[in-house]
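Reviewing the structure listed below.
The values are calculated or read from the model by the stated rules, or taken from the named source; none is laboratory data. Note that the structure is predicted; figures quoted are calculated from it, not measured. Glycine also receives a Cβ, built like all others from the backbone with ideal geometry; neighbour counts cover every protein chain displayed.
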Amino acid sequence: MLKNAKIVVTGATGQVGLPVAVALADDGLGNEVWAPARFTNAEARARLEAAGVRCVVADVGKGEGLEGLPEEVDHVLNFLVARTADSEGDLVANAEAVGVLMTRFRSAKSFLHCSSTAVYAPAVDGGELAEDGLLGDNNHTKLMPNYVLTRVAAEAVARSYARTLELPTVITRLNVPYGDNGGWPWYHLLMLAGEHPIPVPPDGGAYRLIHEDDIVRLVPALLDAAGVPAVTVNLAGSETVTIEEWVGYLGELTGRTPRFTVDPTAIEGTVADVRKLTSLVGEPTTVTWREGLERMVKVRNPELMA
């Protein structure tokens, strides 16, 4: 883990940013962790402050409230993301915020921008999605109309500012994160508990889950990999698993029988190629998907365990 560093974490109230910020603020590491956010989620703010994270009320995209942050920091981790139908708001939060942050902290040692494998076009014949693959859409726009376009825009901003500011940058394309703080499999757990059918895309829906513990573990090596021009790398687990497989396992854990429905509007499978990630940081996965899912159920919904 990073030690004795001054770190800014945006999106720290979110699914991925929160456990990262909390882990980095561990007393034994000697870090000074700052989290700018609007903090509409009081519970998330309380958890961050209890962990020692310094919370600053700010609107990063608009550049408001940033004066409450230190002038200089060692590292910036940007997990900020908006998923709405407000095109203007999503462009500000997802893309403009990147430029605002990178300019504000241009003297940082490294900048990590968290993107998504949603920026890829569907793989041909179910192949793996490598970093130089075609950009496109795999049905995210059905539920989140601005998501893919603003995520691509954000990557472009990060790439441009890395060069113009000479700020070492790494862009991580995250596949399917999950863990004690929730994630897509958790929503499937709730659907399973409510006896709702689970939508599966026609291609079967294969992905590479990555547990929040592994994301936290890989942060230092990812920051070390930052460069100018910006380095883009998939962030995903080692194991390939389908929706039916992980929901089936959730069914075993809870004693429930899942029902599936093929839905052409469901998010298509995105199996991220992790060869580049492995060359940069080593083995991506220490928490297997079965171990992670069992822990998720026990932590978030122990009452559902069979």
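In summary, M191 fulfils each of the numbered conditions (1) under 25 Å from E212 (Cα atoms); (2) under 18 Å from the mean Cα position of the chain (by Cα); (3) at pLDDT 95 or above; (4) in a helix (DSSP H, G or I) with the single exception of condition (2). Taking the criterion of being among the β-branched types (V, I, T) and crowded, with 17+ Cβ neighbours inside 10 Å, the residues of the range 186-239 that qualify are I198, V200, I210, I215, V216, V219, V231, T232, V233.
The set of residues in the range 1-30 that are crowded, with 22+ Cβ neighbours inside 10 Å and under 17 Å from P70 (Cβ atoms) comprises I7, V8, V9, T10, A12, A21, L24, A25.
Condition first: small (G, A, S) and modelled with pLDDT of 95 or more. Now tell me which residues in the range 29-59 satisfy that.
Keep residues of the range 29-59 that are small (G, A, S), which gives 30, 35, 37, 42, 44, 46, 50-52, 58.
Within the range 29-59, G30, A35, A37, A46, A50, A51, G52, A58 qualify.
Is it the case that the range 50-59 has a residue that's of a type in the set (G, A, S), touching a Pro at 6+ places or on another chain (Cβ under 8 Å) and surrounded by fewer than 20 Cβ atoms within 10 Å (Cβ to Cβ)?
So in the range 50-59, the residues of a type in the set (G, A, S) come out as 50-52, 58.
Okay, now just the ones that are also touching a Pro at 6+ places or on another chain (Cβ under 8 Å), so 58.
Filter once more, keeping what is surrounded by fewer than 20 Cβ atoms within 10 Å (Cβ to Cβ): none.
No: the range 50-59 contains no residue that is of a type in the set (G, A, S), touching a Pro at 6+ places or on another chain (Cβ under 8 Å) and surrounded by fewer than 20 Cβ atoms within 10 Å (Cβ to Cβ).
Going through the range 164-179 one residue at a time, which ones are under 20 Å from L77 (Cβ atoms) and either in contact with a Gly (Cβ under 9 Å, 6 or more places away or on another chain) or in a helix (DSSP H, G or I) (or both)?
Going through the range 164-179, the residues under 20 Å from L77 (Cβ atoms) turn out to be 165-179.
Hits for the range 164-179 are L165, P168, T169, V170, N175, V176, P177, Y178, G179.
I need a count of the residues in the range 222-274 that are in contact with an Asp or Glu (Cβ under 7 Å, 6 or more places away or on another chain), in a loop (DSSP other than H, G, I, E, B) and over 26 Å from L143 (Cα atoms). The number of residues fulfilling the criteria is 2.
Here E166 meets the list (1) surrounded by fewer than 17 Cβ atoms within 10 Å (Cβ to Cβ); (2) under 30 Å from W34 (Cβ atoms); (3) free of Cβ contacts under 8 Å to residues at least 24 places away in the same chain almost entirely, failing just condition (3). Give me a count of the residues in the range 5-40 that are part of a loop (DSSP other than H, G, I, E, B) and over 22 Å from D213 (Cβ atoms). So the count comes out to 3. Residue pairs whose Cβ atoms lie under 6 Å apart, sitting 6 or more positions apart in sequence or on different chains, and linking a residue in the range 265-293 that is in contact (Cβ under 8 Å) with a residue 12 or more places away in the chain and on the phi < 0 side of the Ramachandran plot to a partner that is part of a helix (DSSP H, G or I) and of a type in the set (S, T, N, Q), are T270/T117; A272/T117. Total residues in the range 129-161 satisfying the condition of being modelled with pLDDT under 95 and assigned to a loop (DSSP other than H, G, I, E, B): the figure is 9. Of all residues in the range 105-128, those satisfying the criterion of being farther than 19 Å from V228 by Cβ, touching a residue at least 60 places away in the same chain (Cβ under 8 Å) and either touching a helix residue (DSSP H, G or I) at 6+ places or on another chain (Cβ under 6 Å) or part of a helix (DSSP H, G or I) (or both) are T117, A118, G126. Scanning the range 247-277 for residues that are small (G, A, S) and over 18 Å from the mean Cα position of the chain (by Cα) yields G248, G251, G255, A266.
Closer than 28 Å to M1 by Cβ, in contact with a Lys or Arg (Cβ under 8 Å, 6 or more places away or on another chain) and of a type in the set (S, T, N, Q): does that describe T286?
Numbers: closer than 28 Å to M1 by Cβ: yes; in contact with a Lys or Arg (Cβ under 8 Å, 6 or more places away or on another chain): yes; of a type in the set (S, T, N, Q): yes.
So T286 fits the description; yes.
Looking at the range 104-128 only, could you name the residues that are among the small types (G, A, S) and at pLDDT 95 or above? Outline the logic, then answer.
Keep residues of the range 104-128 that are among the small types (G, A, S), which gives 107-108, 110, 115-116, 118, 121, 123, 126-127.
Hits for the range 104-128 are S107, A108, S110, S115, S116.
Scanning the range 101-150 for residues that are among the charged types (D, E, K, R), buried (at least 16 other Cβ atoms within 10 Å of the Cβ) and over 27 Å from P36 (Cα atoms) returns E128, E131, D137.
Beta carbons closer than 7 Å, at least 6 apart along the sequence or on distinct chains, pair a first residue in the range 225-252 that is under 13 Å from H188 (Cβ atoms) with a second that is among the β-branched types (V, I, T) and assigned to a strand (DSSP E or B) for I243/I198; I243/V200; E244/V200; V247/I198.
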